[in-house]
Amino acid sequence: MNAHRLAEERSIELHREVANVLRCDPTSLTEARERIRGWFADRSVHPRYAREWAERIDGPLDALLAQAAHADPFTQSVALGQTCGVLLLDSAY
């Protein structure tokens, strides 16, 4: 497996783990919303991506979990783990 594919597989697995955390504790979306507000404030993420994530996070939880489990090109371009915060994973283990 080449390095790019390996990184992609790791990213998808991270998305699945974050989805598991969200499934067990949907209130952790509050952290994700705070992170996204920070993106708008400090412009550390392009506004297009921040808007897209804000819409996804505020949408139905089932849709967000499905997107995490089957990482589409958008979720790969701005990692779900980055959006929801790696702290979610840290607190889960």
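Scanning the range 43-57 for residues that are touching a Phe, Trp or Tyr at 6+ places or on another chain (Cβ under 6 Å) and acidic (Asp, Glu) yields no hits at all. Here Ser91 passes the criteria (1) more than 14 Å from His15 (Cα to Cα); (2) surrounded by 12 or more Cβ atoms within 10 Å (Cβ to Cβ); (3) modelled with pLDDT of 60 or more except the one numbered (3). Filtered by the rule that a residue be modelled with pLDDT of 85 or more and in a loop (DSSP other than H, G, I, E, B), the range 51-81 gives Gly59, Pro60.
The values are calculated or read from the model by the stated rules, or taken from the named source; none is laboratory data. It should be emphasised that the depicted structure is a prediction, and the values quoted were computed from it without experimental measurement. Glycine also receives a Cβ, built like all others from the backbone with ideal geometry; neighbour counts cover every protein chain displayed.
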